[in-house]
Amino acid sequence: MNFDHIIYIVTSTIFLGVTGILFFLSLFGVYIFVRYGRTTIITIPVSIVFVVIFITIFASAFQTLNSLS
Amino acid sequence: MAKELFPGLRPEEKIYIVVREHWVLLLLKVLVWVLLVVIGLLFWYYVPAQFVELQSGTPAIIVSLISQVYVLFLAVYLFLVFVMYYLNIHIITSERIVDIDQKGLFHHRISELHIEKMEDATSEVKGVLGTLFNYGDVYIQTAGNTEHFDFENVPDPGALVKIILDLYEQRSNVHKE
């Protein structure tokens, strides 16, 4: 196990922990927003826009993590 | 819009007022978000420029990863600020006062008060921003128990109290007849 390998393991563990919490909060926020805000002309577009933003950033960050390996 | 947010509305019941927190407070939270964005941008432009070793290889990837997590945090923060603003709502109907509180992501509370059970309503404007933009708190004391309703940071609390007291008088007159 070389130094780069250790850096990869540490970085990916921290990354997965932090983004996991953020991703859970974002998706749970969307769920709460639609559940209590009901399906209105505001909740649906706002939820769709934010879900797309969250998934795009998350996917991009995963690609960056992959390039580290 | 309020009908969707308040599914317990009775067929004969009319919604008179729907209030949320004053927009100035939403603006302040958005300004904090803007400040965080500016801090992020400053780091993004100046830190790699100062440290050449962060511009390539593994350190560059780690910096990129940190900045992407930070962007995700900013997106989540902005979304949650809007969700809290949108879901905290106070509704005054012809029969009831309904206080829908979203205190946190995992804490949702709905309180109802029949207008005829109301005993006293007080408005309070405090602070520089509150006085400038005319927002403050409304306290409604209920008869019979110690619980009271608080509408925090609502626009024009004085007018709101007047409307609530007018509705109370109307309901009292209907019951007397």
Rounded to two decimals, the Rg over Rh value of region B:82-130 from Cα coordinates and the Kirkwood Rh reads 1.05
List the trypsin sites (Lys or Arg not before Pro) in region B:104-176 that DSSP assigns to loop (not H, G, I, E or B) and whose Cβ has at most 15 other Cβ atoms within 10 Å. Which are they? B:Lys126
Residue among B:Ile61, B:Tyr85, B:Thr131 farthest towards the positive dipole end of the protein assembly as shown, charges placed on Cβ: B:Ile61
How far is it, in nm, from the label point at B:Val47 to the one at B:Trp23 when both lie 7 Å from their Cα along the line to the Cβ? 3.6 nm
Using the Kirkwood radius over Cα pairs of chain A, the Stokes-Einstein translational diffusion coefficient at 25 °C and 0.890 mPa s, in µm²/s and rounded to a whole number, is 178 µm²/s
Within region B:78-160, which chymotrypsin sites (Phe, Trp or Tyr not before Pro) sit in a loop by DSSP and count at most 13 neighbouring Cβ atoms inside 10 Å? B:Phe106
Across chain B, how many lysine pairs, 8 or more positions apart or on different chains, have C-alpha atoms separated by under 27 Å? Please give the number. 17
With only alpha-carbon atoms counted, please give the Rg and Dmax of chain B, in Å. 23.0, 84
Could you state the principal axis extents of the C-alpha atoms in the protein assembly as shown, from the largest down, to the nearest angstrom? 87, 38, 32
Two-decimal Rg/Rh across region B:76-177, once Rg and the Kirkwood Rh are taken from alpha-carbon atoms: 1.02
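Bear in mind these aren't lab numbers, they're just calculated from the coordinates by the rules spelled out. These figures come from a predicted structure and were not determined experimentally. All Cβ positions, even for glycine, are placed from backbone atoms using ideal geometry, and neighbour counts span all protein chains on display.
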